[in-house]
Amino acid sequence: KGLEIEVLFKKKPKTNKVQMSVQSKGLKFYYQPELTQEEKDEGASRPENVIGSYAVYHESKQGDYSKMVKKNYRAGKAFHIYRPKIIDRAGTEVWGELNITDNLLTVEIPQEFLDNAVYPVRHAAGLTFG
């Protein structure tokens, strides 16, 4: 389980971007793009909510220290921030574009979706930290 952040728009917002401050210490954020055709041809796959998401790793806590301090950090992954899905009252869904840069998390919602949405609109199903 993880933490899910939900934003609710009761009416059309002035902007199609939602921004939140992100403060972290000792973490690195790695963007997860869509796989290349070569990777797909080799049999790799990536779920839709992972495409455009961020894997978050500890800068220094990696490896198996279980014999010394009873901790096995494995690859050092702290958590994942999944790509958000935006849903209107009619059940129409669209993926938001997630960007984390300089301590700022931004979700960009397609403007066409907001222009034609049945309000209220919520974005959450996916902006999950887990």
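FYI, it's all coordinate maths here, none of it is from the lab. Just so it is clear, the structure is predicted and the values come from calculations on it, not from any experiment. Cβ atoms come from the backbone with ideal geometry, glycine included; neighbour counts cover every protein chain shown.
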(request) Under 12 Å from the Cβ of P120, count the other residues' Cβ atoms, weight Lys and Arg +1, Asp and Glu -1, and hand me the total. (result) +3
(request) Convert each backbone phi in region 81-88 into a coupling constant with the Karplus relation 6.51 cos²θ - 1.76 cosθ + 1.60 (shift: θ = phi - 60°), then list the ³J(HN,Hα) values in order as whole Hz, x for Gly and Pro. (result) 10, 7, 5, x, 9, 9, 9, 9
(message) 5 Å is the cut-off here: which amide hydrogens, built 1.01 Å from N in the peptide plane, fall below it relative to G76, excluding neighbours closer than 5 in sequence?
(response) G63
(request) Work out, step by step, the length gained on full extension between N99 and K17: first 0.36 nm times the residue separation, then minus their alpha carbon distance; give nm to one decimal. (result) 28.5 nm
(message) Whole-Hz ³J(HN,Hα) for each residue in region 102-114, computed from phi via Karplus 6.51 cos²θ - 1.76 cosθ + 1.60 with θ = phi - 60°, x for glycine and proline: what do you get?
(response) 6, 6, 10, 9, 10, 10, 9, 9, x, 4, 4, 4, 4
(message) Highest mean first, how do 79-92, 108-121 rank when packing is the count of other Cβ atoms within 10 Å averaged over residues?
(response) 79-92, 108-121
(message) Can you give me the long-range amide H partners of G96? Hydrogens built in the peptide plane at 1.01 Å from N, cutoff under 5 Å, separation of 5 or more residues or another chain.
(response) K85, I86
(request) Pairs to check: K12/K85; K40/K77; K17/K40; K40/K85; K12/K77. Give those whose C-alpha atoms are more than 27 Å from each other in this structure. (result) K17/K40; K12/K77
